[in-house]
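What follows is a set of notes on a single structure, which appears directly below.
The values are calculated or read from the model by the stated rules, or taken from the named source; none is laboratory data. Keep in mind that this is a model prediction, so the values were computed, not measured. Counting neighbours? That spans all protein chains shown, and the Cβs are built from the backbone with ideal geometry, glycine included.
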Amino acid sequence: DMKQDVFPVVHWFPGHMAKATRMIKEYVKKVDVVIELLDARIPRSSANPVISEVVGEKPHIIVLNKADLADPKETKAWTEYFTTQGMTVLAIDSKSGKGNKQLVKAVERLSQPIIDKWLKKGIRSRSVRTIILGIPNVGKSTLINKLAGAAATRTADKPGHTRGQQWVKIGKNLELLDTPGVLWPKLEDQRAAARLAMTGAISDDVYDLESVMKQLLRQVKENNPNLLVERYKLKPEELDDMEQLLESIGRRRGCLVSGGVVDLDKARRIVLADYRNQKLGNLTLDGVDEEPVIIEDTIEY
Ligand code: GDP
């Protein structure tokens, strides 16, 4: 049971979640536009369960990060999906900085109505402010550093802000809070939790490797069986049986213990590392057309 495996170690207990929600709501009050960072490989699984409550009515842009690791066709499908939902969405690769300029432009566009309103009211317009929200490991710090590094100046600490927090100028009239809002992932949803594990969003020692890898291998096999055949020098018929498949991979990779028995755990770790290092292709794990796993929300905020 993934839930039991994941929950006790990650320390996102209801109390922590309630506190994080309160803190981020305070942050969000200070900004005009919210940037929600998702992992392009798992746009549904990397979303926070209460994000809409946290964001409220603020203009909001969805950014699919790590697009370099995702399947471009799927990224396009997800972009269309969010657009159909009336969202502003953009795919980027914050590690290389690809898409960062478009992101700044998109946030500026989203904030234009706010600036227009200020002007109409005769308010001397100040800079528009934004914050990056997302679950751990989705790339928040990488993106902040890239955007801040590109910025010429950092505004000085102003009274009333949490010590150490700064607004960084990232556009003509745009400032970014240099501290991200850290949200918790969808751990109650077992399929999402497994995919978070596959992408490395949750720590390696808190989930059941066997069940996670069963799902990953199945998805790799469905998506691109040829990659598996080539990578592990398999005979096509070795893909027919899932149990057999892992054993065959282990055998090819010399994961043997005494008596010629395959060390399946070692084989699982090899395949997982290969997926994460893109040796098994740019595989997007969340499908737009998949039935979302609806979970009963038993946590009170
Ligand atoms: P945070 O916990 O959300 O602040 O995530 P980090 O910024 O620390 O990033 C987590 C890991 O993802 C790091 O190893 C980054 O180098 C990597 N990363 C971040 N953005 C990207 C991206 O767009 N593409 C790739 N390939 N890796 C990324």
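Between 70, 106, which is more than 17 Å from residue 180 (Cα to Cα), in the same structural domain as residue 176 (by TED's automatic domain parsing), crowded, with 20+ Cβ neighbours inside 10 Å and modelled with pLDDT of 95 or more?
None of the other options fit; the residue is 70.
Please tell me if residue 131 is of a type outside the set (D, E, K, R), within 16 Å of the ligand (Cβ to nearest atom) and in contact with a Lys or Arg (Cβ under 9 Å, 6 or more places away or on another chain).
yes
So the check is Cβ under 8 Å with 6+ separation or different chains; which pairs have a first residue in region 198-223 that's free of Cβ contacts under 8 Å to residues at least 60 places away in the same chain and a second one that's of a type in the set (A, V, I, L, M) and exposed (fewer than 14 other Cβ atoms within 10 Å of the Cβ)?
The qualifying pairs are 214/242; 217/242; 218/242; 221/242.
Of all residues in region 86-99, which are polar (S, T, N, Q) and buried (at least 20 other Cβ atoms within 10 Å of the Cβ)?
Listed by number, the list holds a single entry, 94.
Enumerate the pairs (first residue in region 86-113 and free of Cβ contacts under 8 Å to residues at least 12 places away in the same chain; second residue anywhere and within 16 Å of the ligand (Cβ to nearest atom)) with beta-carbon separation below 9 Å, excluding pairs fewer than 6 apart on the same chain, so at least 6 apart or on different chains.
Once the first residue is free of Cβ contacts under 8 Å to residues at least 12 places away in the same chain and sits in region 86-113, its partners that are within 16 Å of the ligand (Cβ to nearest atom) give 101/150.
In region 136-146, which residues are buried (at least 24 other Cβ atoms within 10 Å of the Cβ) and more than 6 Å from the ligand (Cβ to nearest atom)?
Selection gives 143 alone.
Would you mind finding the one in 262, 220, 271 that is in contact with a Cys (Cβ under 8 Å, 6 or more places away or on another chain), of a type outside the set (Ser, Thr, Tyr) and either modelled with pLDDT under 95 or surrounded by 18 or more Cβ atoms within 10 Å (Cβ to Cβ) (or both)?
262
I want to confirm something. Restricting to region 63-110 and keeping residues that are within 16 Å of the ligand (Cβ to nearest atom) and basic (Lys, Arg), which single residue is nearest to residue 146 (Cα to Cα)?
Per the criteria, the residue is 95.
Quick one: in region 27-73, which of the residues that are hydroxyl-bearing (Ser, Thr, Tyr) and outside any loop (DSSP other than H, G, I, E, B) is nearest to residue 276 (Cα to Cα)?
By that ranking, first place goes to 52.
List pairs: first in region 51-73 and without any contact (Cβ under 8 Å) to a residue 24 or more places away in the chain, second in a helix (DSSP H, G or I), Cβ under 9 Å, 6+ apart or cross-chain?
As it stands, the answer is none, since no pair meets every condition given.
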